[in-house]
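The values are calculated or read from the model by the stated rules, or taken from the named source; none is laboratory data. If you're wondering where the values come from, they're calculated on a predicted model, not measured in any experiment. Cβ placement follows ideal geometry from the backbone for every residue including glycine, while neighbour counts extend to all protein chains displayed.
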Amino acid sequence: MDILKMKNSHKLLSEFIYEPKALYRGYTDKTLYINISDNTIKEKDVPQKMKEKFIGGKGYGLRYLWDAVSPTTKWNDPENEIVVAVGPVGGITQYAGTGKSLIVSISPLTDIPIDSNVGGYFGPFLKFSGWDALEVQGKAEKDVIIVIDGNKGIVRIEEAPLEDVDAHLLGEQLTEMYAENEADKRNISVITAGTAAENTNIGVLNFTFYDVRRKVSRLKQAGRGGIGTVFRNKRIKGIVCKFKGVKGDLNHPYDQSIINKTGIKYHKEIAQNDHLQNNMRKIGTANIIEIMDEYDLLPVHNFQYGKHPDTYKIKSTVFIEKYCTQNMPDGCWYGCSMSCAKAVDNFKLKTGPYKGQNVCVDGPEYENAAGLGANCGIFDPEVILELNFYCDTYGIDTISYGTLTAFVMECYERGIINKDITEGLELNFGNAEASLELIHQMSRGEGFGKIAGMGIHKMKKLFVEKYGADKDFLYDIACEQKGLEYSEYLCKESLAQQGGYGLTNKGPQHDEAWLIFMDMVNNQIPTFEDKAEALHYYPMFRTWFGLLGLCKLPWNDITPPNNSETDEPAKVPEHVNNYLDLYYGVTGNRIDNNEMIRQSERVYNFQRVFNIRMGKGLRINDATPYRSMGPVTKEEYESRQERYDKQLRELVGFNPEGKTIEEKIKTLRAYREDQYEKLTDAVYKRRGWTMNGVPTPEKLRDLGMDLPELLEVVEKHLN
Amino acid sequence: MKRLVKDENLCIGCGKCEEVCSNAFFRESNAAKSCVRVQEIEENKHKLTICNQCGKCIEVCPVQALTRDSKGIIRLNKKDCVGCFMCVGFCPDNAMMQHDDYIEPFKCIACGLCVKSCPTGALKIVED
């Protein structure tokens, strides 16, 4: 790559000089606003009221997005924004998982706000450069990059015609271009998307961090909801942030000592226990592949089944022993002793435009192995790694890609679509070649890849309207809700997790609540009220990570050795206290667990009202496809016949003897759908919402969120 | 490789080593700022915490601020250190030290001042 030639071809469109403001107790109280339609760059003060109610991160993102759009704004309208924000605790270096950026935008998949979190160095660098948040609005005429130099205090918008779009190339090119030398590369972080982000609705944003040992720009993804698609639609090629001089106290915290103490205590806990617990340092989230299979929870063949005899071929030890480079500090921000960001070095690609090249694959994550692999019936670790690499570099979401490919495979096997429609792709379960070709088509914007890349929600409509598919059946097996593809856990045997997916703000993503084990395995939340309490507490608690700039994994992917002796082990009380100490240490504000939940409730309810404002936040939008609730087909019923028959007998009072499978499916379905409705009632009640899913004015008042613009929206839906 | 070794049976807990070390590093007599630590675990029995230059800290440092010099001693480049303290948490002997007055950790460089100050020969420098 001729970096100089690329750089010389840049045309400066706008430049903004500023005095970088140092952080004070975690905040600069400044936001960088950029409009790439008219090349405006300006500084905005964060109002005190906004800081109090929205805290930071996702809270700031949602607040800015609300102000930027109207109820009729579509994802590809220029007024849609991409907001990147961290949060007050983000950027500290003493505790694991403290470098998360939260990205908010109107999603091309769901048409409502999406929020997605991502590691990499960009967010902390942005803060240290003087900005609590970055708002990007407008649409450029030609491909541009935005460059923020946090040491010099310069922001530039430049036309950038020659750089590649694919992330693994562009990340390297921009890092090389803006670093003064090899040692300076660690001071650069880049946001990119990829070629398939342009041609599909499932685009991701890749955030880089420079790996000083592997000497490569690693990629972490803000995966869900198609924000990369918005990015490329705005014709942004990349955003670079450069900051030299990271130290452990740049947040200028109120009490560094308590942060140090909490961080060192946690590092010791990891050092002493990780290898006895989840092995996150060795294999990251992929440690659960075989566990999910063992508990019948691994999605197989488009969520029909929960296990497969070939899972052993892709179990975590295969990746540990054969592929992932071990004993590397794999944190995606400094101080992450959990270090789950695994990488496979020198992986030789077998297909696509980079065939034959040795590349660094970031992963595999559990979701990749489950979605790209098991759910599509693919049990070849090298295919999973190759798809993982191409998803990242083409800039598409591995979860949506996995789930939508599983969906089209089932449609193909059941004759809903055929070879004419797929233009020759034989999309049978297990056909790795077809999946790889599909992903390359998405990059090129060709063939069936263009149709599949629309996402399941739009595809299912097309299959009904254009190809005469049976609507009821198709909607039953289409694992999407609100337009977002399900992430990779089989939830049909856990009512609480059905709610954990269905009763979410952004769509079925497990970052709000993962209750399968509590519910199904440990039977800790037996009643509707217990489940509703869990579906209140956990989504709120987990929302808090997104306000503060934190990763969820260090909370419960390791637990203190005495955790099981505590009153509520599932909450990991000692770690919750760690977070309260970190918040206090940075901001000087001592809050308890109740106030922590209320901070989240303010933003959570704001997001719910935002959804309603955009036309997708009511009870009808929380309905889920039956595939996520129970057996749609005869084969699914038969695969768990004993369990289902027992449930009919014991829970429904229906004697299955002598009944046809169809009768049994129908009866079980009526029961399970009713259970979901009852759960929905209980959850809405617990959250302070009407039975139509609308936050009540009383609830908003109680939270101090009775803002006129929110009341105006909810009042329309109160009767 | 040059490193500090100990014979805890000889230690009388006088704290001279801590004093001389913290004075050398930070110009104050403060055991909490010493790279060597003496702890009385029972009457007349002391535990000495010293760095054996094993290198675990090098492995976990995300910025390669810890490197081994030609004599085998692990040194911290404070300029590159980001103050994450993972080296403190992962040190098998708890010999990577930290004090809240500083945002970087500190460690033994096997200078031998403590050896010279020790009245009983409980500390020694060896080269192997």
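Check whether at least one residue in segment A:552-564 is part of a helix (DSSP H, G or I), at pLDDT 95 or above and farther than 19 Å from A:Trp514 by Cβ, and report yes or no. No, that holds for no residue.
Given the criterion within 14 Å of chain B (Cβ to nearest Cβ), part of a loop (DSSP other than H, G, I, E, B), under 26 Å from A:Asp581 (Cα atoms) and modelled with pLDDT of 95 or more, identify the matching residue among A:Gly120, A:Gly90, A:Gly130.
Sole residue among the options that is within 14 Å of chain B (Cβ to nearest Cβ), part of a loop (DSSP other than H, G, I, E, B), under 26 Å from A:Asp581 (Cα atoms) and modelled with pLDDT of 95 or more: A:Gly120.
Name the residues in segment B:66-87 that are hydrophobic (A, V, I, L, M, F, W, C) and within 10 Å of chain A (Cβ to nearest Cβ), would you? Talk me through it step by step, then tell me what you get.
Here is the first cut: in segment B:66-87, the ones hydrophobic (A, V, I, L, M, F, W, C) are B:66, B:73-74, B:76, B:81-82, B:84-87.
Within segment B:66-87, B:Cys81, B:Val82, B:Cys84, B:Phe85, B:Met86, B:Cys87 qualify.
Just one residue in the set B:Ala122, B:Ala110, B:Ala95, B:Ala65 is closer than 20 Å to A:Lys247 by Cα, surrounded by 15 or more Cβ atoms within 10 Å (Cβ to Cβ), touching a Lys or Arg at 6+ places or on another chain (Cβ under 9 Å) and aliphatic (A, V, I, L, M); that residue is B:Ala65.
From the set of residues in segment A:496-524 that are among the charged types (D, E, K, R) and in a loop (DSSP other than H, G, I, E, B), which is modelled with the highest pLDDT? If you could, list the steps in order and put the result at the bottom.
Residues of segment A:496-524 among the charged types (D, E, K, R): A:506, A:511-512, A:519.
Add one more test, that the residue is in a loop (DSSP other than H, G, I, E, B), and what stays is A:506, A:511-512.
Working: A:Lys506: 97, A:Asp511: 91, A:Glu512: 92.
It comes out as A:Lys506.
At the interface with chain A (Cβ under 10 Å from one of its Cβ atoms) and of a type in the set (S, T, N, Q), is that true of B:Asn94? Yes.
Counting residues that are within 13 Å of chain B (Cβ to nearest Cβ), which helices (runs of 4 or more DSSP H) fully inside segment A:211-311 reach at least 3?
A:256-273
A:Ile289 fulfils the conditions (1) closer than 30 Å to A:Asn562 by Cα; (2) more than 22 Å from the chain's Cα centre (by Cα); (3) not small (Gly, Ala, Ser) except for a single criterion, (2).
Kindly evaluate A:Asp166 against the criterion of being among the acidic types (Asp, Glu), touching a helix residue (DSSP H, G or I) at 6+ places or on another chain (Cβ under 6 Å) and assigned by TED's automatic domain parsing to the domain that holds A:Ser37. Walk me through it before giving the result.
On the way: among the acidic types (Asp, Glu): yes; touching a helix residue (DSSP H, G or I) at 6+ places or on another chain (Cβ under 6 Å): yes; assigned by TED's automatic domain parsing to the domain that holds A:Ser37: yes.
When the stated conditions are applied, A:Asp166 passes them.
Residues that are within 17 Å of A:Phe347 (Cα to Cα) and in a loop (DSSP other than H, G, I, E, B) within segment A:312-326 comprise A:Cys324, A:Thr325, A:Gln326, listed in sequence order.
Among residues of segment A:57-87 being touching a strand residue (DSSP E or B) at 6+ places or on another chain (Cβ under 7 Å) and polar (S, T, N, Q), the one that is farthest from the other protein chains (Cβ to nearest Cβ) is A:Thr73.
Would you mind stating whether A:Glu493 is in contact with a helix residue (DSSP H, G or I) (Cβ under 6 Å, 6 or more places away or on another chain), in a loop (DSSP other than H, G, I, E, B) and under 19 Å from A:Tyr684 (Cβ atoms)?
Values: in contact with a helix residue (DSSP H, G or I) (Cβ under 6 Å, 6 or more places away or on another chain): yes; in a loop (DSSP other than H, G, I, E, B): yes; under 19 Å from A:Tyr684 (Cβ atoms): no.
It is false that A:Glu493 is in contact with a helix residue (DSSP H, G or I) (Cβ under 6 Å, 6 or more places away or on another chain), in a loop (DSSP other than H, G, I, E, B) and under 19 Å from A:Tyr684 (Cβ atoms).
Buried (at least 24 other Cβ atoms within 10 Å of the Cβ), assigned by TED's automatic domain parsing to the domain that holds A:Lys265 and modelled with pLDDT of 95 or more, is that true of A:Asn375? Judged against the criteria, A:Asn375 is a match. Inside segment A:329-351, residues that are more than 8 Å from chain B (Cβ to nearest Cβ) and aromatic (Phe, Trp, Tyr) make up a count of 2.
In segment A:93-109, which residues are in a strand (DSSP E or B) and not small (Gly, Ala, Ser)?
Quick first cut of segment A:93-109, residues in a strand (DSSP E or B) only: A:101-106.
Those that are in a strand (DSSP E or B) and not small (Gly, Ala, Ser): A:Leu102, A:Ile103, A:Val104, A:Ile106.
Set side by side, the residues A:Glu480, A:Glu529, A:Glu488, A:Glu512 differ, and just one is acidic (Asp, Glu) and surrounded by fewer than 21 Cβ atoms within 10 Å (Cβ to Cβ), which is A:Glu529. Residue-level check: of (1) in contact with a helix residue (DSSP H, G or I) (Cβ under 8 Å, 6 or more places away or on another chain); (2) part of a helix (DSSP H, G or I); (3) more than 22 Å from A:Ile612 (Cα to Cα), A:Thr680 misses just (3). The residue of segment A:330-357 that is nearest to A:Lys265 (Cα to Cα), among those that are touching a residue at least 12 places away in the same chain (Cβ under 8 Å) and not in a loop (DSSP other than H, G, I, E, B), is A:Ala343.
Residues that are in contact (Cβ under 8 Å) with a residue 40 or more places away in the chain, within 33 Å of the chain's Cα centre (by Cα) and surrounded by 12 or more Cβ atoms within 10 Å (Cβ to Cβ): does segment A:642-657 have at least one? Steps first, answer last, please.
Quick first cut of segment A:642-657, residues in contact (Cβ under 8 Å) with a residue 40 or more places away in the chain only: A:643.
Those still in the list that are within 33 Å of the chain's Cα centre (by Cα) too: A:643.
Add one more test, that the residue is surrounded by 12 or more Cβ atoms within 10 Å (Cβ to Cβ), and what stays is A:643.
Yes: one or more hits.
Determine if segment A:39-56 includes at least one residue that is of a type in the set (A, V, I, L, M), touching a residue at least 24 places away in the same chain (Cβ under 8 Å), more than 14 Å from chain B (Cβ to nearest Cβ) and part of a strand (DSSP E or B).
So the first thing to find is which residues in segment A:39-56 are of a type in the set (A, V, I, L, M), and the list is A:41, A:46, A:50, A:55.
Those still in the list that are touching a residue at least 24 places away in the same chain (Cβ under 8 Å) too: A:41, A:46, A:55.
Checking which are more than 14 Å from chain B (Cβ to nearest Cβ) leaves us with A:41, A:46, A:55.
Subset that is part of a strand (DSSP E or B): A:41.
Among the residues of segment A:39-56, at least one is of a type in the set (A, V, I, L, M), touching a residue at least 24 places away in the same chain (Cβ under 8 Å), more than 14 Å from chain B (Cβ to nearest Cβ) and part of a strand (DSSP E or B), which makes the answer yes.
Given the condition among the polar types (S, T, N, Q) and under 30 Å from A:Ile264 (Cα atoms), answer yes or no: does some residue in segment A:223-245 qualify? Looking for residues that are among the polar types (S, T, N, Q) and under 30 Å from A:Ile264 (Cα atoms), one finds none in segment A:223-245, hence no. Annotation: A:Asp310 fulfils all but one of (1) crowded, with 19+ Cβ neighbours inside 10 Å; (2) closer than 30 Å to A:Ser628 by Cα; the unmet one is (1). Quick check: is even one residue across segment A:342-356 more than 24 Å from A:Ile291 (Cβ to Cβ) and hydroxyl-bearing (Ser, Thr, Tyr)? For segment A:342-356, residues more than 24 Å from A:Ile291 (Cβ to Cβ) and hydroxyl-bearing (Ser, Thr, Tyr): present.
Residues in segment A:110-117 include none that are more than 24 Å from the chain's Cα centre (by Cα), assigned to a loop (DSSP other than H, G, I, E, B) and either more than 14 Å from chain B (Cβ to nearest Cβ) or modelled with pLDDT of 95 or more (or both). Just so you know, in segment A:342-372 the residues that are farther than 29 Å from A:Phe407 by Cβ and of a type in the set (Gly, Ala, Ser) include one that is nearest to the chain's Cα centre (by Cα), and it is A:Ala343.
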